[in-house]
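The next block holds one structure in the form of structure tokens; read it before the comments.
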Amino acid sequence: MIANLLRNQTGDKHQQLESLMFVNDIMNKTLSIENYKKLLTINYIIHQKLEHSLANMLDDSIASQLDMKNRLKLESLQKDLTYWNIDVLTLPPLNFELYLPAPNNAEVLGALYVLEGATLGGNVIKKHILANSNFEGKEAGLNYYGVYGDDLSAKWKTFVAVLNETVQEQDYDRTINSANKTFENLIKLSKQMNWNTPVFLG
């Protein structure tokens, strides 16, 4: 099954990304508001540049099976940026070339595997952030990490089922390569954001 291969063959990239996304601070309940804003900004930029393109590149039947219109997260991220007074017009340009998959179901699903997988831990992340005294009374600024609510498990199971049914063995490498390159998008952007502290995050 391609889902199992993806988990195994993107593990290094996943681990590298986690090291850049303040996972220890989140789990230790020490995440600063400044670094939370960086997380939001990273996720917003990636979704703003990829989300609608990926959804539109899928065959209609697959998009329907996934109920893609109810998987879009950009609106929730926009709400969070507004809450934290982050002006999207001041976001920094990318200092690297963004990877965008070819309009091929196998490649698009590889990229979506990364974005959907990021959402999978959202409820746990939200719980830990809300247990952090820095975020007391600030749940209204955590829309992205709770975007699927109680439907999180069901949406992930549906995605994995569609992924496994859709991607044929001859396309496994294309899907894995796309997922790794999408992880690299996030890794490069995380490094860019962590090297710089733009004034809009002050």
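Each reported figure results from applying straightforward, stated rules to the coordinates on display, with no laboratory input. If you're wondering where the values come from, they're calculated on a predicted model, not measured in any experiment. Neighbour counts run over all protein chains shown; Cβ positions are idealised from the backbone, glycine included.
Shown for 47, 52: other C-beta atoms within 10 Å of each C-beta, ranked fewest to most, produce the order 52, 47. Axis of helix 152-166 versus longest Cα principal axis of the chain: the two differ by about 30°, to the nearest ten degrees. Projecting the Cα atoms of 106, 183, 137 onto the charge dipole of region 97-197 (Cβ charges, centred on the Cα centre) puts 137 farthest toward the positive pole.
Over region 99-202, the hull volume per residue, using the convex hull of the C-alpha atoms, is 124 Å³. Binning all Cα-Cα separations of region 2-201 at 5 Å, short to long from zero, yields these whole-percent fractions: 1, 7, 16, 20, 22, 17, 10, 5, 2, 0, 0.
Each stretch of four or more DSSP H residues adds -39500 (n - 2.57); spread over every residue of the chain, this sum gives -20000 deg cm²/dmol at 222 nm.
Against the empirical 2.2 N^0.38 Å scaling, what ratio does the C-alpha Rg of region 1-97 come to?
Cα-based Rg divided by the globular estimate yields 1.28.
Along the charge dipole of region 2-201, Cβ charges K/R +1 and D/E -1, which of 48, 31, 68 sits furthest on the positive end? Checked the options; the winner is 31. Think of the chain as a dipole: +1 on every Lys or Arg Cβ, -1 on every Asp or Glu Cβ, centred on the Cα centre; then among 167, 122, 86, 86 lies furthest on the positive end.
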